[in-house]
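The values are calculated or read from the model by the stated rules, or taken from the named source; none is laboratory data. As the structure is a computational prediction, the values presented were derived from the model and not from experiment. FYI the Cβ positions are ideal-geometry reconstructions off the backbone, even for glycines, and counts take in every protein chain you see. When the accessible area is computed, the model is the full protein with side chains, heavy atoms only, and any ligands, DNA or RNA have been set aside. Shrake-Rupley method; radii C 1.70, N 1.55, O 1.52, S 1.80 Å.
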Amino acid sequence: MRGIDLSGKVALVLGVANKRSLAWAIADALGEAGCSLALTYQGERLRKNVDELAQKYPGAPVMACDVESDEQVEGVFARVEKDYGRLDVLVHSIAYARREDLEGEFLKTSRQGWRIAMEISAFSFIRLTSLAVPFMKNGGSVMALTYVASQRVVPNYNVMGSAKAALEHAVRQLASELGPSNIRVNAISAGPISTLSARGIKGFSGMASHHRRLAPLRRNIEPREVGDAALFLASEMASGITGEVVHVDGGFNIMAI
Ligand code: 0WD
């Protein structure tokens, strides 16, 4: 157990694909701090990975949730209500764009490619938050994962940069609306980590070594460091922080050259 104790709290974590997923590290950080967990998987192919994580946290429900399905999204909250009747923490660690929209010219972005990236990577955050709010009766902490390509041009990140910009705006807008209910809404902007979705970005390994060279800490970050930041944001230690984008990137974002 680290310094923060989340016993008695409940967190819903979406976006575990496998052991390398940032959501896995976040779920572990929260679970090891005593937080009860509810976990989701997108599609049967990922179910056994999430089951493996859930085994460490007896009683944690594991639910199918593709955010493109209203029925599945609503089903998740019905189960949270049944199992726990409350929610304190919501973690959105989901992003998707078609491979052809993550390379080549941004100018050629298709209507469909834009819609898919925006809907899965940004709109789902608003929808999930709206369904979580009624369960956060004593306040809560909501968080999403973002990347510096929301603010600056990163080659090949293309439509995902647009989606992350929309996601960060949603963080601020929701923080403003939910602050009076003591629900805090923040984003963690992580440096590049080699996960399933990161490897879908063309030239990812070059990007990671560029970060390593330029970042003040002169290294890439570890998933555990994202987990620790999420643990902090979930806890009372962060009670005064909302609408923020917290960078866990070794300081990369402050550098010009
Ligand atoms: O370098 C990185 N890895 C960074 C990731 C740097 C900064 C930010 N991020 C963000 C990502 O953009 C994403 O928002 O962190 C979040 C988590 O990504 P991850 O942990 O890097 O990647 P991964 O382990 O692949 O988890 C993302 C998961 C999907 O995985 P795959 O690879 O199967 O698409 O998002 C989920 C899915 O499990 N996902 C969905 N979940 C529900 N419904 C959907 C969907 N429609 N689409 C993707």
Exercise. Between the range 142-215 and the range 15-76, what's the alpha-carbon centroid distance in Å?
Worked result: 20 Å
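From the C-alpha gyration tensor of the chain, pull out the three semi-axes of the equivalent ellipsoid (sqrt of 5λ each), sorted largest to smallest, in whole Å.
Working: eigenvalues 149, 83, 66 Å².
Values for the chain, descending: 27, 20, 18 Å.
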For this session: Compare the Cα positions of Gln72, Val89, Pro61 along the charge dipole of the range 45-103 (+1 at Cβ of Lys, Arg; -1 at Cβ of Asp, Glu; about the Cα centre) and return the one farthest towards the positive end.
Result: Pro61
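Taking a ≥ b ≥ c as the square roots of the eigenvalues of the Cα gyration tensor of the range 198-254, is the shape rounded (a/c under 1.5), prolate (a/b larger than b/c) or oblate? List each step's numbers first, then the result.
Working: a/c = 2.49, a/b = 2.03, b/c = 1.23.
Judged from the Cα gyration tensor, the range 198-254 comes out prolate (a/c at least 1.5, a/b above b/c).
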Exercise. Where a ≥ b ≥ c are the square roots of the eigenvalues of the C-alpha gyration tensor, would you call the range 38-150 rounded, which needs a/c under 1.5, or, failing that, prolate if a/b is larger than b/c, or oblate?
Worked result: prolate
For this session: Skip the ligands, DNA and RNA, and give the accessible area per residue of the range 10-249 with a 1.4 Å probe, whole Å².
Result: 45 Å²
Seminar exercise, completed: By the mean-Cβ-within-10 Å protection proxy, highest first, 237-243, 10-16, 135-141 rank as 10-16, 135-141, 237-243
Problem set entry | Estimated FRET transfer efficiency when R0 is 25 angstrom, pair Arg98-Gln55 (beta carbons, to 0.05) | 0.15
Exercise. How high is the FRET efficiency from Glu222 to Ile126, r the C-beta distance, R0 22 Å, rounded to 0.05?
Worked result: 0.15
For this session: Rank by packing, highest mean first: peptides 162-171, 39-48, with packing defined as the count of other Cβ atoms within 10 Å averaged across residues.
Result: 162-171, 39-48
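How high is the FRET efficiency between Asp66 and Ile254 when r is their beta carbon distance and R₀ equals 45 Å, given to the nearest 0.05?
Values: r = 37 Å, r/R0 = 0.82.
Efficiency at R0 = 45 Å is approximately 0.75.
To the nearest 20 debye, what charge dipole does the chain have about its Cα centre, counting +1 at the Cβ of each Lys and Arg and -1 at the Cβ of each Asp and Glu? Mind showing how you got there, number by number?
Details: 29 positive and 27 negative charges, 140 e Å.
The dipole of the chain has a size of about 680 debye.
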Exercise. What is the spin-label model distance, in nm, from Ser181 to Gln151 if the labels are put 7 Å beyond Cα along the C-beta direction?
Worked result: 2.9 nm
For this session: Please list, in chain and number order, the residues 5+ apart from Ile183 or on another chain whose amide H is under 5 Å from its amide H, with Hs placed from the backbone.
Result: Gly140
For this session: Leaving ligands, DNA and RNA out of it, report the carbon-plus-sulfur percent of the accessible area of the range 57-112 at a 1.4 Å probe.
Result: 47 percent
For this session: Scan around Thr146 for amide H atoms under 5 Å from its own, H built in the peptide plane at 1.01 Å from N, and keep only partners 5 or more places away or cross-chain.
Result: Ile188, Ser189, Ala190
Exercise. So what are the ³J(HN,Hα) numbers for the range 120-129, from phi and the Karplus equation (6.51, -1.76, 1.60; θ = phi - 60°), rounded to whole Hz, Gly and Pro as x?
Worked result: 6, 8, 10, 4, 4, 5, 5, 4, 5, 5
Problem set entry | Phi to ³J(HN,Hα) by Karplus 6.51 cos²θ - 1.76 cosθ + 1.60 over the range 246-257, Hz, x for Gly, Pro | 8, 8, 10, 9, x, x, 3, 5, 7, 8, 8, 9
